[in-house]
Amino acid sequence: MTHPLHPRIQLSKESIFSHMSRLAVQHGAINLGQGFPSNPPPAFLQEAARRAIGTVDQYTPPIGLPRLREAVAEDLGAAPEDVVITAGGTEALHALAESLYGPGDEVVMLEPYFDVYIPQARIAGAEPVMVPMRLTDRWEVDLPALERAITVRTQALLLTNPYNPTGSVFSRTEAEQIVALARQHDLWIISDEVYDELYFGPPPIRLRELAPERVFTVGSAGKRLEATGWRIGWIITPPGLAPQVAGMRQWSSFCSAAPLQAAVAEALPIARREGFYAQLRESYGRRKDLLEQGLRAMGLQTFAPAGSYFLTALLPELDAETLVREGGVAIIPGSAFYLQNPAPRGLVRFAFCKTEAEIEQALERLEGYLKKVHS
Ligand code: GLN
């Protein structure tokens, strides 16, 4: 090596999700760590992709394939001109970080947070400011703390609804108060809503509907249609801003996989019409209950998720690294979701987007392991 890489390279370290998945493979563990579904995507999506390959194969405009922009707009009640197609939710968030803030700026987020938010803010040169959520018997937004975190440097609030890793969903009061704060301080809101169709109670409030002039909504076909590796996501921007945001993403991936965009365009109306999301919720609801009841039966405290496919629990005296090596179950340690505040003691996250058989086996292994360490 003749010359060191830029100091920014410290942000390139392996994510906790990749790390735990690698350990899971290495130790033959059941992977309730990284959130990717065990089930294949629905046949109607797969078939649409097979038909698109050989027909829609060249670059699309960076802003997205027109028919997919229209399908997303139709599904979410937005204008097609305000939709930007991206390579998954991750690129959507990156394009927004590049578009909305830079050196000297601050971005306020909640803690525990989803990992990509921090490096993306820093790559853009901005500073993340973390506000811890309150944990009682459920996760709540600490609104006074959120307000105290806002300074003259704050450009945006970066929020997730339903939330990863807590599985919480904003109440109407929380959503309205967050939007009121953003209005009062003239902030953008980046609302990561990739789990929008995965909820177990009332449907989550879409922040864009409360403040269309300042909310950027991030969505994901990978999450909705169980195809996380396809990397098709989207942004709905406030009116008039989509061309500029798309202009930023043209310098990274230029456009998303063209045949997969065509396939998602075909699949979105089918999924809506045929009740695919309702089936998904039902099936995830069963798996959530299975995991929750299994953990409670072991005497562990769990925090019921209102959405997403994640469940948080307290597993004190257990180290996730040792569990994956010795107990054969991969989960994510809660500390991975905290940057500036201490994680609640023993906090862990389970992903339940796995088969019922995998969840049952993971519970058995966990119970066996806990008995062993306590004996
Ligand atoms: N969103 C998924 C999770 O939280 C995976 C993210 C990733 O690995 N990029 O587990």
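Worth a mention:
- Unmet requirement for Gly294, which otherwise passes all of (1) assigned to a loop (DSSP other than H, G, I, E, B); (2) out of contact with any Phe, Trp or Tyr (no Cβ under 8 Å at 6 or more places or on another chain): (1)
- Cβ separations smaller than 8 Å between residues 6+ apart or across chains give the following pairs from segment 60-74 residues that are in contact (Cβ under 8 Å) with a residue 60 or more places away in the chain and at positive phi to residues that are assigned to a helix (DSSP H, G or I) and buried (at least 17 other Cβ atoms within 10 Å of the Cβ): Gly64/Ala246; Gly64/Gln261.
- For segment 1-41, filtered to residues that are in a helix (DSSP H, G or I) and more than 22 Å from Ser335 (Cβ to Cβ), the residue that is nearest to the ligand (Cβ to nearest atom) is Val25.
- Filter result for Thr237 (more than 30 Å from Leu187 (Cβ to Cβ), of a type in the set (Val, Ile, Thr), modelled with pLDDT of 95 or more and in contact with a helix residue (DSSP H, G or I) (Cβ under 7 Å, 6 or more places away or on another chain)): no
- Qualifying residues in segment 319-370 (those that are touching a helix residue (DSSP H, G or I) at 6+ places or on another chain (Cβ under 8 Å) and free of Cβ contacts under 8 Å to residues at least 40 places away in the same chain) - the one nearest to the ligand (Cβ to nearest atom): Val348
- Criterion violated by Trp251 - all others in (1) surrounded by fewer than 19 Cβ atoms within 10 Å (Cβ to Cβ); (2) touching a residue at least 60 places away in the same chain (Cβ under 8 Å); (3) in the same structural domain as His94 (by TED's automatic domain parsing) satisfied: (2)
- Checking each residue in segment 174-194 for being part of a helix (DSSP H, G or I), small (Gly, Ala, Ser) and closer than 22 Å to Ser308 by Cα picks out only Ala175.
- Looking across segment 296-355, the residues that are among the small types (Gly, Ala, Ser) and surrounded by 19 or more Cβ atoms within 10 Å (Cβ to Cβ) come down to Ala306, Gly307, Ser308, Ala313, Ala320, Gly327, Gly328, Ala330, Gly334, Ala336, Ala351.
To keep it simple, each residue is scored yes or no on (1) outside the structural domain of Lys223 (by TED's automatic domain parsing); (2) within 30 Å of Leu110 (Cα to Cα); (3) assigned to a strand (DSSP E or B).
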site: Arg286; (1), (2), (3): yes, yes, no
site: Pro305; (1), (2), (3): yes, yes, no
site: Glu321; (1), (2), (3): yes, yes, no
site: Arg325; (1), (2), (3): yes, no, no
site: Ala336; (1), (2), (3): yes, yes, no
site: Pro342; (1), (2), (3): yes, yes, no
site: Val348; (1), (2), (3): yes, yes, yes
site: Cys353; (1), (2), (3): yes, yes, no
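The values are calculated or read from the model by the stated rules, or taken from the named source; none is laboratory data. Quick caveat, the model's predicted, so the values are computed rather than measured. Methodologically, a virtual Cβ is constructed for each residue, glycine included, from the backbone with ideal geometry; neighbour enumeration extends over all protein chains shown.
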